[in-house]
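Take a look at the structure set out below.
Just so it is clear, none of the values below were taken in a lab; they were calculated from the coordinates. This structure is a prediction, so every number in the text was calculated from the model and none was measured. Using ideal geometry, Cβ is built from the backbone for each residue, glycine included, and neighbour counts are taken over all protein chains shown.
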Amino acid sequence: MDSRLQKYIDTIPAVRDAAQLKETFWLNDRLVPREEQNVTLVNPDQIRDASDRLVRFAPYLKRVFPELEAVNGIIESELREIPEMKHYLNHTYQAGVEGRLMLKMDSHLPISGSVKARGGIYEVLKHAEDLALEAGMLKETDDYSILAEPGFQEFFGKHTVQVGSTGNLGMSIGIMSAKLGFRVIVHMSADAKQWKKDLLRSRGVEVIEYADDYCAAVEEGRKNSEADEMSYFVDDENSKNLFLGYSVAGERLKAQIEALDIPVDSEHPLFLYIPCGIGGAPGGVTYGVKEIYGDNVHCFFTEPTHACCMLLGMATGLQDQVSVKDLGIDGRTDADGLAVGRPSAFVGKVVEPMLSGIATIEDRKLYDLMRGLLSSEEIFIEPSSCAAFAALIRPEELKAYIEKMGLTDKMKNAVHIAWATGGSMVPDETREAYLKMGL
């Protein structure tokens, strides 16, 4: 173990437990009220710009993806109440969940079936727009469905898009880039599932496999891209464009909550629980919802015990300057979408004043929760997604936060949203294998 980290292990219980591979729940002592938050790395105007760009691309997306025709090219997922899962958590884990429990089903997002369809697809679309505008082939006032024409396919075919991934980000980048006509290379870490590699290859994507972890795949992908002047690298460790694509989820969620006549205010708190890998998706979503609901929304990240990089980065304050391997943690987890050893270079800094806390969970419980959701609600999500329930099954720690925030008498009015991050594209045979795991 890195000796410089010993002081954190000695003084921060969550870091000590994480180093021992114990489940833990860290409450963020740097959380401050909305008016005291001073975030400068991103701003609300950039979210509006991202939202407008997705609207411009809607006619194109509707044209090339039949599954988007009925929703006019808008990529969005259902917000569904899951009362039987609430009963399951309260009965099986004595979770004591009050109020309503809902599932944000990014597990069923069109095109790539995961939360990465937000940031990943957005960044590819922005890159395509930038290239076409610069070449004088496109104006922002055009009907973007023209991007499906052969001339644009030929133009984009001269360019390459590359990304490093454990699976779901590579799927969204690969599927979208290939559809536009780009040459695509996805650098996959050892954690990536074979079915995801196979699916990408079936879409004409070049997949390069590595025996090492996620960070190594990203580094090799970055080097490979830098060597080609016609190549664009989607850098999950540093990308503000990915972050902004995820941030648009805030205004989308607000519309869904209002459509269900659900109040969110000081008497009706909102709790979000979002699985975390490198941090881009949960960070972007958190920033987006905080812009809308401020102190009335409470956001928690959730991670596997063997890949708790964001917890370590934020609890120590070291952010991306610490890796799980520095504490002797192997980074290996069945939650492939969360199998990241080092957090994002900037997400932790952005969410530091607004994140409520981080909970970790053992892999075996992911499978139990997956089966529990399927049996109680007939909804299947992949193991990574089931980390969304990690904080809810740590009722004592969550209760401590609720008491600290003065919310105890308001929890009967609360809404809890577990953010399901992937699962609908899992092949039947893989799904059946998952359902037998951990029994």
(request) Provide the packing ranking of 46-53, 369-376, i.e. peptides ordered by the mean count of other C-beta atoms within 10 Å per residue, highest first. (result) 369-376, 46-53
(request) Report, for the chain, the % of DSSP beta bridges that are antiparallel, rounded to 5. (result) 20
(request) Assign one of three labels to the range 113-242, namely rounded, prolate or oblate, based on the Cα gyration tensor with a ≥ b ≥ c the square roots of its eigenvalues; rounded applies when a/c is under 1.5, prolate when it is not and a/b is larger than b/c, and oblate otherwise. (result) prolate
(request) Enumerate the lysines that Lys254 could reach by cross-link, defined here as Cα to Cα under 28 Å, with residues fewer than 8 away along the same chain left out. (result) Lys62, Lys86, Lys104, Lys116, Lys126, Lys240, Lys290, Lys349, Lys399, Lys404, Lys410, Lys412
(message) I'd like the orientation of helix 395-404 relative to the chain: the angle between its Cα long axis and the longest Cα principal axis, in ° from 0 to 90, rounded to 10.
(response) 90
(request) Give the residues of the range 179-194 whose amide nitrogen is closer than 20 Å to a point set 7 Å from the Cα of Glu154 in the direction of its Cβ. (result) 179-184
(request) For an R0 of 35 angstrom, estimate the FRET efficiency from the Cβ-Cβ distance between Ala135 and Asn43 and round to the nearest 0.05. (result) 0.75
(request) Using DSSP to define loop residues, name the chymotrypsin sites (Phe, Trp or Tyr not before Pro) in the range 299-379 whose beta-carbon has at most 12 other beta-carbon atoms within 10 Å. (result) none
(message) With 10 angstrom as the radius, rank Met411, Met314, Met405 by how many other C-beta atoms surround their C-beta, starting from the fewest.
(response) Met405, Met411, Met314
(request) With a point put 7 Å past each Cα toward its Cβ, work out how far Arg431 is from Ala70 in nm, to one decimal. (result) 1.7
(request) Return Ile257, Ile121 ranked ascending by Cβ neighbour count within 10 Å, so the fewest neighbours appear first. (result) Ile257, Ile121
(request) Neighbouring Cβ atoms within 10 Å as the yardstick, rank Ser225, Ser202, Ser344 fewest first. (result) Ser202, Ser225, Ser344
